[in-house]
Amino acid sequence: MFRQGKARALIHNLRLAAMLSFVAGIVNITGVFAIQTLTTNVTGHFAFFSEEFAGGNYNLAFAFLAYILSFLAGAFASGFLIEWVFRRKPEISHAAPMLLEMIVLVLVVLLGSDNVINKGQAACLLLFAMGLQNALVTKVSKATVRTTHLTGLFTDLGIELSQLFFYKQKSETQKLSKSIRLRLVIIIFFFLGCVIGGLLYQYYTIKTLYFAAASLLVALFYDNLRLTFHHYTRRLNAKLRD
């Protein structure tokens, strides 16, 4: 799922897209319900910043600016951690930002439940977590997968669906089909995350973020299990050849 380099295939991107889009959907709807803030993208926050700044509401304006910078800080931290770990243990370079994202999500629950942080601070932490995740999937998939917002995805999907009417060669249709399939997986699993997260929120409120953190843990465990199995079979095959 998190494999990098030339060996990366469509199935790796599909697994990555499904799991992390699902997580983003849960975080998105939990943020809307718990703190009335969109926490998986920054597009709207630029508009809100401009509106409040133009109206002279500078405190609110700079609160939205803090949201934007929190997402940027998360993306920076993710890129830095991936590069730093990659130089030491490339096979687990993805683990550091994922673990940090899990810690941030759990902290939002713990601190938010006890009112240690206010809604604005919780929003900054969630935007930081989504910056971490978006940079991670962008880096791992070489910008093929984006899991935290859908505007660009729907644009690309619309373009590619229209191209099906014009590109008829087998190689072209296969490439388009793979890309469309990937975008549909991201959209569907983001939607599922929102719906399931919304249902869970009715019972667990902000603790719904625990389910997002648990999903990340499952993804890490699954990927580590597959990596261990791959190394074992490769060593076994090498011994059999000898």
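Bear in mind that the values in this text are calculations on the coordinates, not laboratory data. Keep in mind the model is a prediction, meaning the values are calculated, not measured. All Cβ positions, glycine included, derive from the backbone under ideal geometry; neighbour counts span all protein chains shown.
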log10 of Debye I(q)/I(0), alpha-carbon scatterers only, for segment 1-86 at 0.12, 0.13 Å⁻¹: -0.54, -0.61
Please give the charge dipole size of the chain, origin at the Cα centre, charges +1 on K and R Cβ atoms and -1 on D and E Cβ atoms. Round to the nearest 20 debye. 1420
What is the Rg over Rh value, at two decimals, for segment 58-107, using alpha-carbon atoms and the Kirkwood definition of Rh? 1.15
Name the residues of segment 7-37 whose amide N is less than 15 Å from a point 7 angstrom out from the Cα of LEU199 along the C-beta direction? 26
Percentage, to the nearest whole number, of Cα pairs in segment 33-148 over 23 Å apart: 34
Can you compute the modelled spin-label distance between LYS170 and ALA73, with each label point 7 Å from Cα toward Cβ, in nm? 5.4
Karplus (6.51, -1.76, 1.60) ³J(HN,Hα), θ = phi - 60°, over segment 176-188, in Hz, Gly and Pro reported as x: 5, 4, 5, 5, 5, 4, 5, 5, 5, 4, 4, 4, 4
Quick one: of LYS142/LYS207; LYS89/LYS139; LYS139/LYS178; LYS139/LYS170; LYS119/LYS142, which pairs are farther than 22 Å apart, Cα to Cα? LYS142/LYS207; LYS139/LYS170; LYS119/LYS142
Report the extension gain between ILE103 and ILE11 in nm, rounded to one decimal, defined as 0.36 nm multiplied by the number of residues separating them, less their alpha carbon distance. 30.3 nm
Which whole-number percent of Cα pairs in segment 136-191 have a distance greater than 16 Å? 44
Taking a quarter of the surface of the Cα convex hull of segment 161-229, what do you get in nm²? 7.1
Taking Cα atoms only, Rg over Rh for segment 13-235 with Rh from the Kirkwood formula is 1.01
